[in-house]
Each structure stands twice: as C-alpha cells, then as structure tokens.
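S.K.: So that we are looking at the same thing, I have put the structure below in structure tokens.
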Amino acid sequence: MSRECKKCLLLESAEGDILKDIQEKITKLSPQEKCEQAEYEKRLELCKACDNLVSGVCMKCGCYVEFRAAFKNQKCPDVKDRKWKKCQ
C-alpha cells in the first residue's frame, strides 16, 4: 500500500499534467500581474507549512496554491491567519 503525500505542492507530487497547465498559464501573466520569483517561492514555502494545504490545493479557498501565489494581487485566503499578503 503506497501513501500519497498530502502536504506537497503539485511540483512534488504526481500531478504533472495539472502542474504543466498551471506553469503555462503563469508564463502568460503580464509583469503587472505576476509577483517576483523570490516572493513566489517564499509564498509557496509558507503554503507548504500550512495545515490547509492538501495535495497542492488550499482547503480554505480550493485553489491550486502554485497558481494563486503567482499573482501580485492575491493574498493567503486564511482570513484568521494570513501566511502572505499582496505584493507591493
């Protein structure tokens, strides 16, 4: 019996097709929409430490965190404990 990791990003799981689609959409974002790479990576690390992450999906809002985190104007959906805020 194999165990699936529930605390992983899509990058770390077997969801390659979904990840590829998300990465393609991220590359099409304009610089005005997209946060900086360092900030993106920081956001993902914070998501990985969050109990609301299950198989790349945020259980607070249902989004793929690797997509939501790419946008400047997005913030962590956990209103009681925001892990990250909008980019400046």
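S.K.: Any residue in the stretch 36-62 that's among the basic types (Lys, Arg): show its pairings with residues that are surrounded by fewer than 17 Cβ atoms within 10 Å (Cβ to Cβ) at Cβ separation under 7 Å, as long as the two are six or more apart or on different chains.
M.R.: Lys48/Lys7; Lys60/Asn52; Lys60/Pro77; Lys60/Asp78
S.K.: So, in the stretch 29-49, exactly how many residues are more than 14 Å from Lys72 (Cα to Cα) and surrounded by fewer than 17 Cβ atoms within 10 Å (Cβ to Cβ)?
M.R.: To start, the set of residues in the stretch 29-49 that are more than 14 Å from Lys72 (Cα to Cα) comprises 45-49.
Keeping just the survivors that are surrounded by fewer than 17 Cβ atoms within 10 Å (Cβ to Cβ) gives 45-46, 48-49.
The total comes to 4.
S.K.: Within the stretch 62-88, work out how many residues are surrounded by 14 or more Cβ atoms within 10 Å (Cβ to Cβ) and either basic (Lys, Arg) or part of a loop (DSSP other than H, G, I, E, B) (or both).
M.R.: Residues of the stretch 62-88 that are surrounded by 14 or more Cβ atoms within 10 Å (Cβ to Cβ), as a first pass: 63-72, 74-78, 83-84, 87.
Subsequent filtering for residues that are either basic (Lys, Arg) or part of a loop (DSSP other than H, G, I, E, B) (or both) retains 63, 68-70, 72, 74-78, 83-84, 87.
Summing the residues that are surrounded by 14 or more Cβ atoms within 10 Å (Cβ to Cβ) and either basic (Lys, Arg) or part of a loop (DSSP other than H, G, I, E, B) (or both) in the stretch 62-88 gives 13.
S.K.: Would you check which residues across the stretch 52-88 are of a type outside the set (A, V, I, L, M, F, W, C), within 16 Å of Lys34 (Cβ to Cβ) and in contact with a strand residue (DSSP E or B) (Cβ under 8 Å, 6 or more places away or on another chain) and list them?
M.R.: Tyr64, Arg68, Lys72
S.K.: Moving to a separate point now. Note down all Cβ pairs under 8 Å where the first residue falls in the stretch 1-26 and is at pLDDT below 65, the second is of a type in the set (Gly, Ala, Ser) and not in a helix (DSSP H, G or I), and they're at least six residues apart or on different chains.
M.R.: Partner pairs satisfying both residue conditions: Glu4/Ser13; Glu4/Ser55; Cys5/Ser13; Cys5/Ser55; Lys6/Ser55; Glu15/Ser55; Glu15/Gly56.
S.K.: So which residues in the stretch 31-56 are over 13 Å from Cys8 (Cβ atoms), assigned to a helix (DSSP H, G or I) and not charged (D, E, K, R)? Working first, answer last.
M.R.: Taking the stretch 31-56 as the starting set, the residues that turn out to be over 13 Å from Cys8 (Cβ atoms) are 31-43, 46, 51-52.
Filter once more, keeping what is assigned to a helix (DSSP H, G or I): 37-43, 46.
Those that are over 13 Å from Cys8 (Cβ atoms), assigned to a helix (DSSP H, G or I) and not charged (D, E, K, R): Gln37, Ala38, Tyr40, Leu46.
S.K.: Residue by residue through the stretch 64-86, note down the ones that are of a type outside the set (Phe, Trp, Tyr), closer than 12 Å to Lys42 by Cβ, touching a helix residue (DSSP H, G or I) at 6+ places or on another chain (Cβ under 8 Å) and modelled with pLDDT under 95.
M.R.: Lys83
S.K.: Further question on the same structure: How many residues are aliphatic (A, V, I, L, M) and in a loop (DSSP other than H, G, I, E, B) when one looks only at the stretch 9-30? Write out each step before concluding.
M.R.: Within the stretch 9-30, the first condition is being aliphatic (A, V, I, L, M), and the residues that meet it are 9-11, 14, 18-19, 22, 26, 29.
So of that shortlist, the ones also in a loop (DSSP other than H, G, I, E, B) come out as 9, 14, 29.
Residues that pass the stated criteria total 3.
The values are calculated or read from the model by the stated rules, or taken from the named source; none is laboratory data. For clarity, every value in this text was computed on a predicted model and none was experimentally measured. Cβ: placed from backbone, ideal geometry, glycine included. Neighbour counts: every protein chain shown.
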